[in-house]
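In what follows, a single structure is set out as structure tokens and then discussed.
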Amino acid sequence: MIRTIFAASAAILLSVAGQASAQTVAQDRSFTDTNGFRAVESPGGYAPASPAIDGPVTPATKIDFVAQTLTPSQAFPPPAPRKTYPPCTKQRRDECLQRK
């Protein structure tokens with residue numbers, strides 16, 4: 001029991017030491033896509049390199065909402081129907097025909 005606790009604590013300490021040494025290496029982890037958007041990788045994931053709105057946001061700040069260009073049925077079209085559907089069984093309950 002004591003040996004298991006000791007081994008677990010040693011593994012935790014070694015992993016923390018490995019993370020600390022990995023964080024000291026300074027690397028530029030950023031990317032820019034074809035539209036010119038630049039993002040920087042942070043410990044929580046990718047974040048924009050610059051804020052979306054310059055300056056503080058106040059109640060007088062004008063925000064323009066762009067209407068969606070596609071309807072949901074255009075953006076996510078339903079799949080084409082299959083030519084044949086097998087009968088439903090105990091193992092198969094999706095994409096099948098109910099027995100009459």
_Test result for Gln23, exposed (fewer than 10 other Cβ atoms within 10 Å of the Cβ) and modelled with pLDDT under 70_ = yes
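Report the residue count in segment 65-91 for those that are among the small types (Gly, Ala, Ser) and not in a loop (DSSP other than H, G, I, E, B).
Applying the first criterion (among the small types (Gly, Ala, Ser)) to segment 65-91 yields 67, 73, 75, 80.
From what is left, the residues that are not in a loop (DSSP other than H, G, I, E, B) are 73, 75.
Residues meeting the conditions: 2.
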*Among (1) open to solvent by less than 100 Å² (accessible area, probe 1.4 Å); (2) at pLDDT below 75, where does Pro43 come up short?*
(1)
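The values are calculated or read from the model by the stated rules, or taken from the named source; none is laboratory data. Because the structure is predicted, anything quoted here is derived from the model rather than measured. We place every Cβ from the backbone using ideal geometry, glycine too, and count neighbours over all the protein chains shown. Note: areas computed on protein heavy atoms with side chains; ligands, DNA, RNA excluded. Shrake-Rupley method; radii C 1.70, N 1.55, O 1.52, S 1.80 Å.
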